[in-house]
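Nothing in this text is a laboratory measurement; each read-out follows from the coordinates by a stated rule. Please read these numbers as outputs of a predicted model, since none were measured by experiment. Don't worry about glycine lacking a Cβ; one is built from the backbone with ideal geometry, like all the others, and counts go over all protein chains shown.
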Amino acid sequence: METIKTALFETLMESAVPDGDDGYLFTLEGKTYRIKDTLEISKIAQDHGYIIIY
């Protein structure tokens, strides 16, 4: 049986922290990403197999 992973977009946004260099650090499932725009979070979560709930 396959597990379906869902995430609230707002909750994901809360985990993005400013990196002090006009970007953000975002960690999901133990992997940290350096992003310039918080809109990149949706793509990252989808790449991890999440269904995003807006």
Give me the number: length gained by fully extending residue 31 to residue 2, i.e. 0.36 nm times residue separation minus the C-alpha to C-alpha distance, one decimal in nm. 8.3 nm
Per-residue ellipticity at 222 nm for the chain, helices alone: DSSP H runs ≥ 4 residues times -39500 (n - 2.57), over residue total, nearest 500 deg cm²/dmol? -6500 deg cm²/dmol
Per DSSP loop assignment and a cutoff of at most 11 other beta carbons within 10 Å, the chain keeps its longest run without exposed GluC sites (Glu not before Pro) at 3-28
Multiplying the sequence separation of residue 52 and residue 19 by 0.36 nm and subtracting their Cα-Cα distance, what value in nm do you get? 9.5 nm
For the chain, share of DSSP beta bridges that run antiparallel, in % to the nearest 5: 65 percent
Mind jotting down the three principal axis lengths of the chain based on Cα atoms? Whole angstrom, largest first. 42, 22, 14
